[in-house]
Amino acid sequence: MNRRTPYRSWITKCLLLLLPLPAMGQESLPFPQPPSPSKAGPTIAQSEYKQAKPLSRLPKGAPNVVLIMLDDVGPALPETFGGPIRTPTLTRIADNGISYNRFHNAAMCSPTRAALLNGRNHHRSGFGQIAELANNWDGYTGHWPATTASVAKVLGYYGYNTAAFGKWHNTPAEQTTAQGPYDRWPAGRLVGFDYFYGFLAGESSQWEPAIVRNTTRIATPEKKQYHFTVDIADEAVNWMRRQNAIAPNQPFFLYWAPGASHGPHHIFKEWADKYKGRFDKGWDALREEIFARQKALGWIPANTQLTRRPATLAAWADIPEDEKPFQRRLMEVFAGYTEHADAQAGRLIDELERLGIRDNTMVIYIWGDNGSSSEGLHGTISELLAHNAIPTEIKDHLRVLQGLGGLDALGSPKTDNMYHAGWAWAGSTPFQGTKLSAGHFGGTRTPLAISWPKSIKADKTPRAQFHHVNDIVPTIYDVVGIKAPKMVDGVTQAPMDGISMKYTFADAKAPGRKKAQYFECMADRGIYSADGWFASAWGPRIPWVPGLPKGIATWSPDKDQWRLYNLNEDFSQATDLASKYPKKLAELKALFDREAKANLVYPVGGGLWSIIWSPQSAPHNPATEFHYTQDVTGVPEFAGPKLNGRSSLVTVDLELKPDSAGVLYAQGAFSGGLALWVDKGKLFFEYNLFEIERTRIETKDALPAGKVKIEVETRVAAPRGAADVVVRVNGKDVGRARVPRTAVLAFTANDAFDVGMDSYSPVSQAYYERKPFKFNGKIEALRVQYLK
């Protein structure tokens, strides 16, 4: 246990339950320590001891809460509501509870998760952008503010035990190293979960994840058939068993958020094979099929229109026949990956029933944190190609796949595959947009199911009230019987932006109470008004179009065209009424302006700052020189040296022997990275550009024995441009090569920089079967210097 991170012991948490119950919720947390009823005298004989009465801070029968949320899954995907992917667990919750068909997220990972866990809008929470692309605009810092206490911290002070499992993505990217600071880690002082097991980044390999337990980075568990989603289900089940054994009368809050189905799409072959042939007709036909089933189920209104495919997105008929097997298999893998995640969520429900506590456990199952992701663009074997704006052709991907075992390699540890944007569009049926589209429901609408057998009567009538992830925390507080505190840890709290949804539990037709809700993601924006009208404006970027948009240097939000929709009659935002009702549009634009000012949204486009105008503002280690020793491993890419796209000089002082072998340093993974290693008396360097291009240097002469100095000098001509690499041994050039293209952002989101080994996923095929290929000698020092 790290002394900088204040965990509450089981005993302390149980004692909290013995303290007096506040009348109308606590104004300030933590609660003051009540005086002992005992009377102390100079001696024991002169003292009177009295046991404190067991009075709870919580109303009698406060429920357990299990919050489940999947990742990058569009509103049209689950079979429960008309989609093509089997989701028995979501169906189970919906059939035994209630569902919502006008529930919304924030269109992107970190923003949704912040709003979900503290009840405020995402910009007010500092997450107008994902953690890795944060900047210094107030609404985009990526630093969870002390003014927005999490539900875990608040419930913890009331006596709940709290745990989180899976993907986090709300810690500043530069603060994710083993050295902290830990304040904004899930189990850190500011956020306040008692226990965390998962990864901190926005995505991860499901086969070789960089896992954190509380504040300790751990090695990937060695199991024959390891998968991260199975792992976090195991961990959550075990945690509930411990909780039930040690403190059976203590309520708990459990947050379970797998990396599925965010890229890379990793799953066992047998799960993908369950969908063989299911998607052979392509995404246009799939969208039509889903739309028909949604209507037949009554999930969407009978008058809903199916929005048209945008001209910027390819039709299935446009895909060459020799590429279609690749595109089909990508979707089969995704579908298997998603069904598998839902199945693992079901294990939590099974355990609640086995423990006999399901009846008084409220399960909240949010289908997705945003719409389906179109970031796979045209389909890919290495998804960060798109993030680094590196153009490729499908033939490049097929060529690499041939050497990896063909289409069966998709979903395996040797690919970071992601499907074509057309499948994401189908997953957003009947709406426009995908993930990152904040002004249209393909990016923000997601099914929600809530089941609480003790208090919610099962009802299959969809709740059509307009709600948002920021309403979940107020709902939990309302259900538990507490109020949001005005002060936490001495810090005045920002007001709640969300409202309780409890009023809908017993009345599917209750009038909605949400007065307004804004949406914004990288300048794509929208505004909802309580009268059922919605205005939106597309930002400068189209999520499924590669590269930077034309004219971005002179773009201004003032030039964006706004659209207007009457949601009372137009469920899918199919009919733009802006020209017909200009006064109404002006009214909603004024409402957006008020909400934007109040929630730190301005400047519009602030989330693009670190992508387009100032990449140097994105989170990074500000050092220009790094000094490492052999025991430094597992440094997250965003906190380590950026060898991928900067001119640099790496100097390694080491001792070599005739049998020396192993990795001297490595950055990234098999899906993209670079590495320097020794093997069979020779020195090797590889720059792996996302598997599409691998540039290798191999020395000809045998390496000398004894103390040796190795230098790797890299000169990068321009961002994403070529790099000239020279390798020297004891000052003598022993190899050189030109890397045709370089990665400007990062190789991976959750792998690492290592000295003396290659942790998690290995960079090179040359030592893949020997991973982590630890160097068997002694590295005295490794120094990295950036060059001008």
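The values are calculated or read from the model by the stated rules, or taken from the named source; none is laboratory data. For clarity, every value in this text was computed on a predicted model and none was experimentally measured. Cβ: placed from backbone, ideal geometry, glycine included. Neighbour counts: every protein chain shown. SASA here: full protein model, heavy atoms, side chains in, ligands and nucleic acids out. Shrake-Rupley method; radii C 1.70, N 1.55, O 1.52, S 1.80 Å.
For the chain, the share of DSSP beta bridges that are antiparallel, to the nearest 5, is 75%. For segment 306-328 versus segment 85-153, the inter-centroid distance based on Cα atoms is 31 Å.
Distance between the pseudo-spin-label points of residue 79 and residue 617 (7 Å out from Cα toward the beta carbon): 4.7 nm.
Working note: 222 nm ellipticity from helices only, DSSP H runs with n ≥ 4, each -39,500 (n - 2.57), summed and divided by the residues of the chain, gives -6000 deg cm²/dmol to the nearest 500.
Just want to confirm a number: the relative contact order over the chain, from Cα pairs under 8 angstrom separated by 6+ residues, in percent.
17
Peptide packing for 54-61, 203-210 was compared via the average number of neighbouring C-beta atoms within 10 Å per residue; ordered from the highest value, the list is 203-210, 54-61. Most tightly packed first, judged by the mean number of other beta-carbon atoms within 10 Å of their residues, the peptides 172-181, 103-112 read 103-112, 172-181. Treating r as the C-beta distance of residue 507 and residue 454 and R0 as 22 Å, the FRET efficiency rounds to 0.75. Between amide H atoms placed 1.01 Å from N, distances below 5 Å from residue 67 occur with 254, 255, 256, 364, all of them 5 or more places distant or on a separate chain. Largest first, the residues 265, 387, 627 sort by 1.4 Å accessible area into 627, 387, 265.
Structure shown: which of 167/414; 395/774; 559/584; 167/295; 483/589 lie over 24 Å apart, alpha-carbon to alpha-carbon?
Working: 167/414 21 Å; 395/774 35 Å; 559/584 19 Å; 167/295 33 Å; 483/589 33 Å.
As for pairs spanning more than 24 Å Cα to Cα, those are 395/774; 167/295; 483/589.
Couplings for segment 293-306, taken from phi via the Karplus curve 6.51 cos²θ - 1.76 cosθ + 1.60 with θ = phi - 60°, read 5, 4, 5, 4, 7, x, 6, 10, x, 4, 8, 5, 9, 8 Hz in order; Gly and Pro are left as x. The accessible-area ordering, largest first, of the residues 613, 299, 168 stands as 613, 299, 168, per a 1.4 angstrom probe. Assuming R0 = 41 Å, what is the FRET efficiency of residue 218 and residue 136, from their Cβ-Cβ distance, to the nearest 0.05? It comes to 0.80.
Amide H to amide H, with H built 1.01 Å from N, residue 516 comes under 5 Å of no residue 5 or more places away or on another chain.
Backbone phi angles across segment 469-485, fed through the Karplus curve with coefficients 6.51, -1.76 and 1.60 (θ = phi - 60°), yield HN-Hα couplings of 4, 5, 8, 5, 5, x, 5, 4, 4, 5, 5, 5, x, 10, 10, 4, x Hz in residue order; Gly and Pro are listed as x. Length gained on full extension, residue 696 to residue 311: 134.5 nm, using 0.36 nm per residue less the C-alpha separation. Annotation: amide H of residue 188 within the under-5 Å range of 193, sequence separation 5 or more or interchain, hydrogens built in the peptide plane.
Summing Lys, Arg as +1 and Asp, Glu as -1, what charge do residues with Cβ under 14 Å from the Cβ of residue 699 carry, residue 699 excluded?
Numbers: positive: 680, 682, 696, 700, 728, 732, 736; negative: 679, 686, 698, 701, 711, 733.
Its environment carries a net charge of +1.
Simple rule: put +1 on each Lys or Arg Cβ and -1 on each Asp or Glu Cβ in the chain, find the dipole, and look at 522, 534, 250; the Cα lying farthest toward the positive end is 250. Packing here is the average count of other Cβ atoms within 10 Å per residue, and on that basis the peptides 471-482, 388-399, 29-40, highest first, run 471-482, 388-399, 29-40.
If I compute solvent accessible area with a 1.4 Å probe over the protein chains, what percent of it on the chain is carbon and sulfur? Numbers along the way, then the final one.
Values: 15580 of 29440 Å².
Of the solvent-accessible surface of the chain, carbon and sulfur hold 53 percent.
Using a/c under 1.5 as the rounded threshold, could you call the chain rounded, prolate or oblate? The axes a ≥ b ≥ c are square roots of the C-alpha gyration tensor eigenvalues, and prolate needs a/b larger than b/c, oblate otherwise.
In terms of gyration-tensor shape, oblate.
Applying the Karplus relation 6.51 cos²θ - 1.76 cosθ + 1.60 with θ = phi - 60° to segment 180-195 yields 3J(HN,Hα) values of x, x, 9, 3, 9, 6, x, 9, x, 4, 7, 7, x, 5, 6, 8 Hz, where x marks Gly and Pro.
Which of rounded, prolate, oblate describes segment 296-416, given a ≥ b ≥ c as roots of the alpha-carbon gyration tensor eigenvalues and a/c under 1.5 marking rounded, otherwise prolate only if a/b is larger than b/c? Oblate. In a fully extended conformation the segment linking residue 393 and residue 720 would gain 116.0 nm over its present Cα-Cα distance, using 0.36 nm per residue.
Determine the sum of side-chain charges near residue 395: Lys and Arg each +1, Asp and Glu each -1, restricted to other residues whose C-beta is under 13 angstrom from that of residue 395. Write out the running numbers ahead of the final one.
Details: positive: 399; negative: 322, 323, 393, 396.
That works out to -3.
Taking a point 7 Å from the Cα of residue 569 along the Cα-to-Cβ direction, the residues of segment 273-304 with backbone N closer than 19 Å to it are 301-304.
Note on residue 705/residue 765: beta-carbon distance plugged into 1/(1 + (r/R0)^6) with R0 of 35 Å gives a FRET efficiency of 0.80. Set Lys and Arg Cβ to +1 and Asp and Glu Cβ to -1, take the dipole of segment 596-686 about its Cα centre, and tell me which of 648, 619, 662 lies farthest positive. Positive-most Cα among the choices belongs to 619.
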